Amino acid sequence: MRSERTPVARRFQAVLVFLILGALAGFWHNRSMANGKPDVLAVILRTVIAPPARILGGFSRWCSVQTGWLFHGRTLARENTEMHARIAQLEGDNIRLHEAEINYNRLRLDLGFIQSAHFRPLSADVIWRRPDPKFDTITLSRGSSDGIHVNSVVITRNGLVGKVTELTPTTCSVLMLTDQNSGAGARVQRADSRATGVCKGDNSHLLTVLYLPNDADIKIGDILVTSGLGGIFPAGIALGTVTEVKEDEGNLLKRAKVKPAVDFDKLEEVYILP
Amino acid sequence: MNAETRKYLGFSSALFLAAILQAVYADAVRIKAARPDFLSATAVLCSLFCDANGGAAVGFLAGLLTAVIAAPPHAGYGSLVVSRVLVCSVIGWLDDRMFRDNYLIAVLMAACGTASAGALFFIFDPEIHFSHWAKSLAGTILYNSFLALPIYALIRWLIGVNKKGRTS
């Protein structure tokens, strides 16, 4: 029996070695991440792949801009009409908000508050987006040499994108809010509600708000912002708009579906709060 | 350079090229839930030219590259590598058991390999939404089946296989 087994084990020696190496690579990566240290192998491979990916991505975007009118003429005309309507509405909102800002600043000074926390967002290009359908991640053109660190918050003008999970000196990997491993404290922005829950992704186009108390005042159309609970995401960043509210089994909690404020499919430039 | 060295250099080049394409275009060319998985398709097709041990090496590099460009921490980094090693080594193991240098076999293996890699990863690291995962995997299998032809031709060219199926 032994003489029959030995050749088989020898024949598949490299398979066993690579299986063990694969498991060790995963273990090593998770351990490095848990200790807040970069995984050297991942940093090297990502540093090799990032420059050509960036060049190819930039070239593709340039081509898309140059030839886009060929394919999107009708869509662009419709979008243009919608944009005009939207601009008119936003101009009205802008005037009202400007007035509110003046009042806000006056009252703030009156109360003697000092604005101590200034966010200085750092702009970054998206080098690659969702390279694998199982994970909602993006890689950006800023890294540890730009002062970015793990858990730095990534936003756009419209709202929260996610947080930095891995770094190389020149790139960083971001776990987007839509990934099933992602989560952020959420709060209803409406002044007479302020209900809080946890906003999670499920790799689809919608977010889910969990752990809302059964008596939480939340309804379709409510805008959700980050609650600031959890210590990673600052309070007040837009998450999205509630599209559906339903009660969990047992009627102890509610959950809500949320349309994200950010269009995760069209991310090209984002801002990082270092 | 001997044929074996050229072969593995060709595989490495193909896998790095696939990683760059995966990073830049996988999301951009998405149709509904269907996205291509250039890396899996390339690894599976490279394994057609290997034995089990060679397939394991190809699978290891493909899994590592996929994990590096895509996987967030604590979300299946090792599982990605191990699932690719297993699938590619099995395809390599079929070395003497089937006629291999054929475009139809390439399409078939790209589909089966992608399905097996996806299923293995699901077993190692189950996802919350089975239906979303299944739809996405079905789309990737279709995409990879179409991609199999150009990728297979590229691999043959990179490793110098002539029309008679012999390496030069």
What list of ³J(HN,Hα) values in whole Hz, one per residue of the stretch B:23-33 in order, does the Karplus curve 6.51 cos²θ - 1.76 cosθ + 1.60 (θ = phi - 60°) give from phi, with Gly and Pro shown as x? 5, 8, 10, 4, 7, 5, 9, 5, 10, 6, 8
For the stretch A:54-66, take each phi angle, set θ = phi - 60°, evaluate the Karplus expression 6.51 cos²θ - 1.76 cosθ + 1.60, and give the result in whole Hz per residue in order, putting x for glycine and proline. 5, 5, 5, x, x, 5, 5, 5, 4, 4, 5, 5, 5
Using amide H atoms built in the peptide plane, which far-off residues or other-chain residues are under 5 Å from A:Gly183 H to H? none
Going by alpha carbons, how many degrees (0 to 90, nearest 10) lie between the helix axis of A:13-34 and the longest principal axis of chain A? 30
Positive end of the charge dipole of the stretch A:118-274 (Lys, Arg +1 and Asp, Glu -1 on Cβ, about the Cα centre): tell me which of A:Asn158, A:Trp128, A:Leu210 has its Cα farthest that way. A:Asn158
Among A:Ser204, A:Ser64, rank each residue by its count of other Cβ atoms within 10 Å, from fewest to most, as a rough exposure measure. A:Ser64, A:Ser204
Between 0 and 90 degrees, rounded to the nearest ten: what's the tilt of helix B:52-70 against the longest Cα principal axis of chain B? 40
Electrostatic dipole magnitude of the protein assembly as shown [Cβ: Lys, Arg +1; Asp, Glu -1; Cα centre; debye, to 20]: 1160
Around A:Phe71, what is the net charge, scoring Lys/Arg as +1 and Asp/Glu as -1 over all other residues with Cβ under 15 Å from its Cβ? +2
Along the charge dipole of the protein assembly as shown, pointing to its positive end and built from +1/-1 on Cβ of Lys, Arg, Asp and Glu, which listed residue (B:Ser116, A:Leu267, A:Ile95) has its Cα farthest out? B:Ser116
Counting residues in chain A as N, plug N into 2.2 N^0.38 Å and put the Cα Rg over that result. 1.27
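How large is the dipole of the stretch A:108-251 about the Cα centre if only Lys and Arg carry +1 and Asp and Glu carry -1, each at its Cβ, rounded to the nearest 20 debye?
Taking the Cα centre of the stretch A:108-251 as origin, the dipole is about 500 debye.
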Report ³J(HN,Hα) in whole Hz for each residue of the stretch B:76-89, in order, from the Karplus equation J = 6.51 cos²θ - 1.76 cosθ + 1.60 where θ = phi - 60°; Gly and Pro get x. x, 4, x, 5, 4, 5, 5, 5, 5, 4, 4, 4, 5, 6
Residues whose built amide H sits under 5 Å from the amide H of A:Glu166, excluding neighbours closer than 5 in sequence, are A:Ser173
Counting partner chain Cβ atoms within 10 Å of every residue's Cβ in A:25-37, what's the average? 4
Fewest-first sequence of A:Arg194, A:Arg46 by Cβ atoms within 10 Å of each Cβ: A:Arg194, A:Arg46
Please give the average number of partner chain Cβ atoms lying within 10 Å of the Cβ of each residue in A:51-61, rounded to a whole number. 3
The residues B:Cys50, B:Cys88, A:Cys63, sorted from fewest to most surrounding Cβ atoms within 10 Å, come out as A:Cys63, B:Cys50, B:Cys88
Is there a pair in A:Lys134/B:Lys7; A:Lys163/B:Lys135; A:Lys134/A:Lys246; A:Lys134/A:Lys266 whose C-alpha atoms are over 21 Å apart, and which pairs would that be? A:Lys134/B:Lys7; A:Lys163/B:Lys135; A:Lys134/A:Lys246
Would you mind checking the tilt of helix B:38-47 against the longest principal axis of the Cα atoms of chain B, expressed as 0 to 90 degrees and rounded to 10? 40
In what sequence, highest mean first, do B:16-24, A:230-238, B:39-47 appear when ranked by Cβ atoms within 10 angstrom? B:39-47, B:16-24, A:230-238
Relative contact order for chain A using alpha-carbon pairs under 8 Å, separation at least 6, rounded to a whole percent? 15
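Where a number appears in this text, it was derived from the coordinates with a stated rule and is not lab data. Note that the coordinates shown come from a computational prediction; the quantities given were computed from them, not determined experimentally. Every residue, glycine among them, receives a Cβ derived from its backbone with ideal geometry; neighbour counts consider all protein chains shown.
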